[in-house]
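The values are calculated or read from the model by the stated rules, or taken from the named source; none is laboratory data. What you see is a predicted model, and the numbers here were worked out from it, not measured in a lab. Cβ placement follows ideal geometry from the backbone for every residue including glycine, while neighbour counts extend to all protein chains displayed.
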Amino acid sequence: MADDKMLEEAIKAVAKGQRQRARDLLTRLLKTNQANPQYWLWMSSVVDTAKERSYCLKNVLRLDPGNRAAKLGLVLGGSLQPDEDFHPKPITPRNWESSYQEISEESGSKKVLRRIAYIGAGVLVLGLLLVGFLAPSLKTYGYFGGPQLTITPQFNTAAPTATLLPTNTPRVITPSPTFIGPTPLWMLLDETYTPTPLYVNTPHPISEAYRAGIRAFNSDNFEEMLTFMKQAAQAEPDSADTHFYIGEAYLHLKEAESALIAFEKAIETDPNFAPAHLGRARVLSTLNPEFDVEGDLLHAINLDPNLTNAYLDLIAYYIETKKFELALDYASIVEDLNPESALLYLYRSQALLNLEQYEQALEAAQLAYDMDRTILPLYFTLGLSHLQSGNPRRAKPFFEIYLRYVQDDPRAWEALGRTVFEQGDSYESAIEAFNAALKLDENSFIALLYRGLTYLEVGEGQLAVNDLVLARNFDRESFEASLGLGQALFLAERIEDAISQFSGSESLADTDLQRARVYYWRAQAFNALGDRKAAVMDFQALIDLDSEDVSKDWIESAQEYIILSTPTPTRTSSPIPNTDTPTVPPPSLTPTYSTPTPTVTKSPTTTPRPSSTPFPRR
């Protein structure tokens, strides 16, 4: 019953021309039930673009194949060819529409003419539904790792402090039918994105140039917008929002210095104009990503506590500056202001990832993904959340989609390489991904470490040594880099160097599992060197750990090694151990990291060692 009431309210909002309210109500209804064709049909009347409208109508036909209103809408929009037997009829009258007279029983040419007349009326009504209420939304931008979106507000008052409506998730403008480069993101999606509510526009009755500038902005024609807004500023020099829009136009045109001058002019005109402080923070971040914009963002929030975009930019800033707890605190505030913001949950996921709260990070990223699948950084974050939660197979498609659009991000290539490495499907593909990361950033610790571990898996000892030496030099505190280098030296048959490296790794071990790995590999190296006494001591140390983290197979193999290496009192010589005795599987080669790239464990399929058996011969 609550849903029926909400649908009724949405229909009334459409009738009154309140497209934004109708769209918000229909969005909520679709989130609770996407299988209701009526919701999709009404949503088609309030979306902004032909692409969105076509998507909604196709969903209607998917759920209700006989729905003639949806068919007619698709035919009129050019998305559907009419069937031979398809004759458009007027759509069912709503309670707010003019009702039609029933067609009387007629015959001959009068009946045909009357039918044509009503068909024309039906087309007109549907056209009004699909076109009459359209108004373009605002475009926003977002990226991972910095102040992340540019959403330009429009204002409902010329008072000193602007009160803005909360923003929703970003809108993507429908691309041209002819595509150059990667497939547009929306073409990969099976669901539409969350519509974005509009801000209320400040009336400028004496300035047609201002209204023309807003129309140009809504059409993404920023050069024309700039021209009109400059004319409006000449007519109304004391209008802070006009100067603000000039700054927004310059910012979209990537003329940051000119944008900064315009935002400063808006602040000079009205120091209490909150969006101008937000605009200045954004342009300063563009000029210098390391610039401290916290003051401007906090000031904007103090001037207008409902300015959601300022909160979102502040959260992004805190993530960039590694103040993750503060980011989460402000995320909770935004959740109260605008719980339907996908960016909010994206940023929350990023902060939780850095705090190593992987399950919560995955939950937040999935929620953002369900709300809006057109935010590109979300694919990287969602992939990383799956990877850190121990599911590399689910992570891989998200990294692949992200890399179709952002091919110059070394972090994404690192993550894709790790994903392939963890799956063990194709070490060659993993090496290619790490090569791409190192081409973009030759000092990438993660790419060097994982490429070295990948070389270990394929038996390339010296190549592994080359990479792991560099990785160890970049991070002397990394247990995985240290132990991996020891394994690489062992595989390259540099046994004494390997023993020395394993001993260095012991001082970096923090857990019983890490200590067990050191004892195991150093025992192997002592055995290869012929020092059985030292090997027995390491195997005994492994047994003495008595930890649940240590595999029982390791302990049993260590015990067998000790027994076979200890002379019995009844014999003058010890028997030669069976060389076919299976070796204990080595511990994981996969590194464990602190923020921002914690580890995923993986059991290797090969055990690099120079000798054919870990047991001594006599």
- [ ] Give the range 1-17 a look and list any residue that's under 32 Å from the mean Cα position of the chain (by Cα) and not in a helix (DSSP H, G or I), or say none.
- [x] none
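Just to be sure before I move on: is E294 in contact (Cβ under 8 Å) with a residue 12 or more places away in the chain and farther than 25 Å from D372 by Cα in the structure I sent? Show your work before the answer.
Details: in contact (Cβ under 8 Å) with a residue 12 or more places away in the chain: yes; farther than 25 Å from D372 by Cα: yes.
Yes; evaluated as a whole, the condition is true for this residue.
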Open item on the list: Between a residue in the range 440-456 that is in a loop (DSSP other than H, G, I, E, B) and any residue that is buried (at least 24 other Cβ atoms within 10 Å of the Cβ), which pairs come within a Cβ distance under 8 Å, given they are 6 or more apart or on different chains?
Closed with: D441/A447; S444/E414; S444/A437
Task: All positions within the range 374-398 that are over 20 Å from E325 (Cα atoms) and either of a type in the set (V, I, T) or surrounded by fewer than 23 Cβ atoms within 10 Å (Cβ to Cβ) (or both) - done: T374, I375, L376, P377, S389, G390, N391, R393, R394, K396, P397
- [ ] Tell me the helices (runs of 4 or more DSSP H) entirely within the range 322-385 that contain at least 3 residues that are within 27 Å of I301 (Cβ to Cβ) and either basic (K, R) or in contact (Cβ under 8 Å) with a residue 60 or more places away in the chain (or both).
- [x] 342-354
Open item on the list: Considering only residues that are assigned to a helix (DSSP H, G or I) and of a type in the set (D, E, K, R), which ones fall in the range 207-232?
Closed with: E208, R211, R215, E223, E224, K230
Open item on the list: For the list (1) at pLDDT 75 or above; (2) among the aromatic types (F, W, Y); (3) in a loop (DSSP other than H, G, I, E, B), I need the number of the one condition that F86 fails.
Closed with: (1)
TODO: Determine, yes or no, whether R532 is buried (at least 17 other Cβ atoms within 10 Å of the Cβ), charged (D, E, K, R) and at pLDDT below 50.
DONE: no
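Those residues that are outside any helix (DSSP H, G or I) and more than 21 Å from F445 (Cα to Cα), I need them from the range 391-410; list them, please. Walk me through it before giving the result.
Step one: filter the range 391-410 for residues outside any helix (DSSP H, G or I), giving 391, 406-409.
Correct list: N391 only.
Any residue that is charged (D, E, K, R), in a helix (DSSP H, G or I) and surrounded by fewer than 18 Cβ atoms within 10 Å (Cβ to Cβ) - is there at least one of those in the range 484-496? It would help to see each step written out before you state the result.
Step one: list which residues in the range 484-496 are charged (D, E, K, R), which gives 493-494, 496.
Those left that are additionally in a helix (DSSP H, G or I): 496.
Subset that is surrounded by fewer than 18 Cβ atoms within 10 Å (Cβ to Cβ): 496.
The answer is yes; a qualifying residue exists.
Filter the range 351-362 down to residues that are closer than 14 Å to H386 by Cβ and touching a helix residue (DSSP H, G or I) at 6+ places or on another chain (Cβ under 8 Å), then give me how many there are. Let's see the steps before the verdict.
Of the residues in the range 351-362, the ones closer than 14 Å to H386 by Cβ are 352-353, 358-362.
Checking which are touching a helix residue (DSSP H, G or I) at 6+ places or on another chain (Cβ under 8 Å) leaves us with 352-353, 358, 360-362.
Summing the residues that are closer than 14 Å to H386 by Cβ and touching a helix residue (DSSP H, G or I) at 6+ places or on another chain (Cβ under 8 Å) in the range 351-362 gives 6.
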Open item on the list: Looking for something loosely packed, with under 13 Cβ neighbours inside 10 Å, more than 34 Å from the chain's Cα centre (by Cα) and either at pLDDT 75 or above or not assigned by TED's automatic domain parsing to the domain that holds R215 (or both) - is there at least one such residue anywhere in the range 54-74?
Closed with: yes
Open item on the list: Looking at the range 479-495 only, could you name the residues that are of a type outside the set (A, V, I, L, M) and either touching a helix residue (DSSP H, G or I) at 6+ places or on another chain (Cβ under 7 Å) or not assigned by TED's automatic domain parsing to the domain that holds A447 (or both)?
Closed with: F479, E480, S482, G484, G486, Q487, F490
- [ ] Examine the range 5-17 for a residue that is surrounded by fewer than 15 Cβ atoms within 10 Å (Cβ to Cβ) and on the phi > 0 side of the Ramachandran plot, and state whether such a residue exists.
- [x] yes
Task: Subset of the range 233-266 (residues that are in a helix (DSSP H, G or I) and without any contact (Cβ under 8 Å) to a residue 24 or more places away in the chain) - done: A233, Q234, I246, S258, I261, A262, F263, E264, K265
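Could you count how many residues in the range 492-551 are among the hydrophobic types (A, V, I, L, M, F, W, C) and within 42 Å of the chain's Cα centre (by Cα)? Break it down stepwise before answering.
Narrowing the range 492-551 to residues among the hydrophobic types (A, V, I, L, M, F, W, C): 492, 495, 498-499, 502, 508-509, 513, 516, 518, 521, 523, 525-526, 528-529, 534-537, 539, 541-543, 545, 550.
Adding the requirement that they be within 42 Å of the chain's Cα centre (by Cα) leaves 492, 498, 502, 508-509, 513, 516, 518, 521, 545, 550.
Number of matching residues: 11.
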